[in-house]
Amino acid sequence: GTPVCAASAGTVTDVRDDDLMGTTVVVAHDGGYDTIYSNLQSVPAVSVGESVTAGQILGSVGKTALGELRLPPHLHFAVTKDGEFVDPMAYLG
């Protein structure tokens, strides 16, 4: 149930229930970047087309990733640039 916040301002482009990764929210950012938040509780706090600010709550950590039900609740976080996965740690300021 830990809140999950947007890493940066952007626009929600996808909210889906993924068979493998569970409830997922995708936020598009300037410069071709997307942040992807998966394994959220089943009802995120945002919807497609919504503008979000950095730090805005997107949802809460859940247990919706079917392949990981035996694990404790945790977040899957990814960053892509132009559709290619990049290392999120490279963007820490």
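Starting from the Cα of ARG70, step 7 Å toward the Cβ, then list every residue of the stretch 24-44 with an amide N under 15 Å from that point. What the label zone holds, given the 15 Å backbone N cut-off, is no residue at all.
From the Cα gyration tensor of the chain, with a ≥ b ≥ c the square roots of its eigenvalues, which class applies: rounded if a/c is under 1.5, or else prolate if a/b is larger than b/c, or else oblate? Since a/c reaches 1.5 and a/b is larger than b/c, the shape of the chain is classed as prolate. Taking amide hydrogens as placed 1.01 Å from N in the peptide plane, the amide H of VAL61 sits under 5 Å from those of THR2, VAL4, GLN41, each at least 5 positions away in sequence or on another chain.
Report the local net charge at LEU40: Lys and Arg +1, Asp and Glu -1, summed over other residues whose C-beta lies under 12 Å from its C-beta. Write out the running numbers ahead of the final one.
Working: positive: ARG16, LYS63; negative: ASP17, ASP18.
Cβ neighbours under 12 Å give a net charge of 0.
The accessible surface of the stretch 1-54, taken with every protein chain in place and a 1.4 Å probe, is 52 percent carbon and sulfur. Between SER8 and ASP30, the modelled labels are 0.9 nm apart [label points 7 Å from Cα along Cα→Cβ].
Distant-in-sequence amide contacts of GLU50, defined by a placed amide H-H separation under 5 Å and a gap of 5 or more residues or a different chain, comprise VAL12. In terms of packing, defined here as the mean over residues of other Cβ atoms within 10 angstrom, the peptides 69-77, 53-61, 83-91, 35-43 line up highest first as 35-43, 53-61, 69-77, 83-91. Tell me the net charge near GLY10. Cut-off is 14 Å between Cβ atoms, GLY10 excluded, with +1 for each Lys or Arg and -1 for each Asp or Glu. Taking every Cβ under 14 Å from that of GLY10, the sum is -3.
The values are calculated or read from the model by the stated rules, or taken from the named source; none is laboratory data. All figures in this text were calculated on a predicted structure; none of them were measured in a lab. Counting neighbours? That spans all protein chains shown, and the Cβs are built from the backbone with ideal geometry, glycine included. Ligands, DNA and RNA are stripped out before the accessible areas are found, and what is left, the full protein with its side chains, is counted by its heavy atoms. Shrake-Rupley method; radii C 1.70, N 1.55, O 1.52, S 1.80 Å.
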